[in-house]
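Okay, so here's the structure we're looking at.
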Number of protein chains: 2
Amino acid sequence: MQDASRTLDLVFGALAEPNRRAMLTRLSHGPATAGELAQPLKISKPAVSQHLKVLEAAGLVVRTRQAQWRTCTLRTEPLDEVSAWLDRQRAAWQESFDALENRLREMKRERGPQTAREERDEGTTDR
Amino acid sequence: MQDASRTLDLVFGALAEPNRRAMLTRLSHGPATAGELAQPLKISKPAVSQHLKVLEAAGLVVRTRQAQWRTCTLRTEPLDEVSAWLDRQRAAWQESFDALENRLREMKRERGPQTAREERDEGTTDR
């Protein structure tokens, strides 16, 4: 459980920066070198390298050496974990929202006959 | 687009801390006061207040005053936004994975007849 929480810290932290998200979006279309990842971004090569380290620590990127090239590949398992966490949150919220809605409907039903009687009484007074 | 990116920065950043996630989980079951949120956490009241500010800035929590109590309520719209971003990433990755799988299947089919011929030739040599 502690490990799962640490994973969430690292993955959410890694996703909280626009350049890192741009790098992941690029990698979601296929592997790339650090140079290819840096190309569309307006940041220095050391900054790219630093961002890659954060993504690697979160388990979102794996770097492999092919001949003289180091290729970066996306790993989506950590994304599955954060999606699952988000889904659980939204399900719990929906449940508590549904419970509130049911309670309101119940209160309306309980109040219903009384309201109908009041309206009838008012009608009687009008006649 | 810039605003959407800023929202993702703030929301992912807010989610990257276990006490803040615990506070959101508590709020997903219904509104609570800052004191109620602090109770199960092993952190100081000023720390709770600081975390609440981060959650508010990300649009995940709204604080309203009821008599002398300030109640915290979960807002899930920002969670919907980060879920949508994650779903897009995973869809793009799945697409590129499917494309790779199709390419491999094609290569296997292209190689197929040749492999069959090689096997037949081997069979002839054996006889």
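Would you be so kind as to identify which of A:Gln66, A:Pro46, B:Leu24 lies farthest towards the positive end of the dipole of the protein assembly as shown, taking Lys and Arg as +1 and Asp and Glu as -1 on Cβ and the Cα centre as origin?
A:Pro46
Roughly how crowded by other chains is peptide B:72-80, in terms of the mean Cβ count from those chains within 10 Å of each of its Cβ atoms?
2
Given H placed 1.01 Å from N in the peptide plane, which residues other than close sequence neighbours of A:Thr33 have an amide H under 5 Å from its amide H?
The answer is A:Cys72.
Using just the helices of chain B, give the 222 nm mean residue ellipticity in deg cm²/dmol: DSSP H runs with n ≥ 4 each add -39,500 (n - 2.57), and the total is spread over all residues, rounded to 500. Don't skip to the answer; put the middle values down first.
Numbers: 5 runs with 92 residues, N = 127.
After summing the helix terms and dividing by residue count, I get -24500 deg cm²/dmol.
Highest mean first, how do A:76-85, A:11-20, B:66-75 rank when packing is the count of other Cβ atoms within 10 Å averaged over residues?
Those peptides, ordered most packed to least, come out A:11-20, A:76-85, B:66-75.
Taking the dipole about the Cα centre of chain A, with the C-beta of Lys and Arg at +1 and of Asp and Glu at -1, give me whichever of A:Gly112, A:Leu15, A:Ala57 is farthest to the positive side.
Farthest towards the positive end: A:Ala57.
Cross-link candidates for A:Lys53: which lysines have Cα within less than 27 Å, leaving aside residues fewer than 8 places away along the same chain?
Leaving aside lysines fewer than 8 places away in the same chain, those within reach of A:Lys53 are A:Lys42, A:Lys45.
Within segment A:64-90, list the residues whose amide N lies under 11 Å from a label point set 7 Å along Cα→Cβ of B:Glu101.
Counting backbone N atoms under 11 Å from the label point, the list is empty.
Expressed in nm to one decimal, what extension gain is obtained for the pair A:Arg88 and A:Lys42 from 0.36 nm per residue of sequence separation less their Cα-Cα distance?
Here the segment from A:Arg88 to A:Lys42 would lengthen by 12.9 nm.
Identify the residue of chain A whose Cβ lies closest to the rotation axis that maps chain A onto chain B, and give that distance in whole Å.
A:Phe12, 2
Can you list, shortest first and in nm, the gaps between the label point of B:Gln39 and those of its counterparts in the other copies, using a point 7 Å from Cα in the C-beta direction?
So the distances to the same position in the other copies read 5.7 nm.
Read-outs: derived from the displayed coordinates by stated rules, not from any lab. Worth saying up front: this structure is predicted, and the values here are computed from it rather than measured. Here Cβ is always computed from backbone atoms with ideal geometry, including for glycine, and neighbour counts include all displayed protein chains.
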